[in-house]
Ligand SMILES: [Zn+2]
């Protein structure tokens, strides 16, 4: 492909970076990224990936825009209340960059549909707000050997990790199974500073771009923990678990499973 | 080396463009060339006469020549050294 004059202008600040250049920008335009969730994390991740010119962005979410979302979910707006989040996000992103093909899927990922849905994408981004989805997405990405950039937020703290199946750890190497619902903060405990998903989502989007461009070191075998109150970034080593039930030498999980949705939908 | 000895493999005319598009266009042109080939850049934006050679060198390319054609127009010759 050749850049149009508009594209030369739009992506000029990428093109002049030696690590991106015209070739890298063309790679981004040919890439496909799938976002799980159009909430706190999905909004900034989608925003920046759209601005960056990632050619195809798929988004799945089952919820509608509520007033309480707008404290942090920056792709939506007061005039979008009641609209499906994926529709609202699509509108915002299309307006930002018409080069990007936004595929909006209203619904839930399940063990029966996830493999078909994500199979076509280069990278998956988890911005989901619940443990069942988080584990389902991890397991599906490990099975399909798809890079996964996972993020989570609560109160003043957020985490990011990058799963490169076959090369590094997976989410189950880190936490083998979802915590029992009783140990997860209840809805009234699950506050979050509105800007926090912006920080974590921007880090996730950065990881995605690095993977697509093949530049830098991804957060493989490590978990980055950001604390807003102490302004600290901690990078914790996460070795691959040889006995991991999904990515280990002898996996005990050989089929996807749906967990109970008995959790408060936190963070997202 | 005298100018007539250097044969450019590709020429671009970016007169009328300003920074940063002058360098953006020149960079896009050189990306599509082979190592060792020479790009001729025809430019009329005064800033770019300094900036393009500097940026090209920062990116590892060799600036062979900067010459004034007439009152307004300059030619920059760059040899591609690295991807
Ligand atoms: Zn694992």
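Taken together, the values in this text are just the output of simple stated rules run on the coordinates, not laboratory data. Please read these numbers as outputs of a predicted model, since none were measured by experiment. Positions of Cβ are backbone-derived with ideal geometry, glycine not excepted, and every protein chain shown enters the neighbour counts.
Using helices alone, what [θ] at 222 nm do you get for chain B, with -39,500 (n - 2.57) per DSSP H run of 4 or more residues, divided over all residues and rounded to the nearest 500?
Numbers: 2 runs with 24 residues, N = 83.
It lands at -9000 deg cm²/dmol.
Report, as an integer, the average count of C-beta atoms from other chains found within 10 Å of each Cβ along A:18-31.
Rounded to a whole number, the mean comes out at 2.
Could you order peptides A:6-18, A:27-39 by the average number of other Cβ atoms within 10 Å of their residues, highest first?
The packing order, highest mean first, is A:27-39, A:6-18.
Express the relative contact order of chain A as a whole percentage, based on alpha carbon pairs under 8 Å and six or more residues apart in sequence.
Relative contact order of chain A: 20 percent.
Could you line up A:79, B:44 from fewest to most neighbouring Cβ atoms inside 10 Å?
So the residues, fewest neighbours to most, are A:79, B:44.
Can you sort A:184, A:123, A:195, A:149 from fewest to most other Cβ atoms within 10 Å of each residue's own Cβ?
Fewest to most other Cβ atoms nearby, the residues stand as A:195, A:184, A:123, A:149.
Hey, could you pull the Cα Rg and Dmax for the stretch B:10-74, both in Å?
Radius of gyration, then largest Cα-Cα span, for the stretch B:10-74: 10.9, 32 Å.
If the chain between residue A:71 and residue A:217 were fully stretched, how many nm would it gain, using 0.36 nm times the residue separation less the Cα-Cα distance?
49.3 nm
If we count other beta carbons within 10 Å of each Cβ, what is the order of A:153, A:74, B:49, fewest first? Before the final figure, lay out each step's value.
On the way: A:153 29, A:74 20, B:49 17.
Listing A:153, A:74, B:49 from fewest to most nearby Cβ atoms yields B:49, A:74, A:153.
Is there a simple number for the mean count of other chain Cβ atoms within 10 Å of the Cβ of residues in A:5-13, and what is it?
2
Tell me what chain A gives for mean residue ellipticity at 222 nm when only DSSP H runs of n ≥ 4 count, each as -39,500 (n - 2.57), the sum divided by the residue total, rounded to 500 deg cm²/dmol.
Details: 9 runs with 83 residues, N = 268.
Result for chain A: -9000 deg cm²/dmol, rounded to the nearest 500.
When only C-alpha pairs under 8 Å and at least 6 residues apart count, what is the relative contact order of the stretch B:41-80, in percent?
46 percent
When only C-alpha pairs under 8 Å and at least 6 residues apart count, what is the relative contact order of chain B, in percent?
Values: 141 pairs, mean separation 27.0, N = 83.
After rounding, I find 33 percent.
Taking the DSSP beta bridges in chain A as the whole, what percent of them are antiparallel, to the nearest 5?
Rounded to the nearest five, the antiparallel share is 50 percent.
What average number of partner chain Cβ atoms lie no more than 10 Å from the Cβ of the residues making up B:27-37?
Per-residue shielding by partner chains comes out at 3.
Taking square-rooted eigenvalues a ≥ b ≥ c of the alpha carbon gyration tensor, is the stretch A:1-139 rounded, prolate or oblate, where a/c under 1.5 means rounded and, failing that, a/b exceeding b/c means prolate?
oblate
Over all directions, how big on average is the projection of the convex hull of the alpha-carbon atoms in the stretch A:15-237, in square nanometres? Spell out each step's value before the answer.
Numbers: hull surface 48.9 nm².
Approximately 12.2 nm², given one-decimal rounding.
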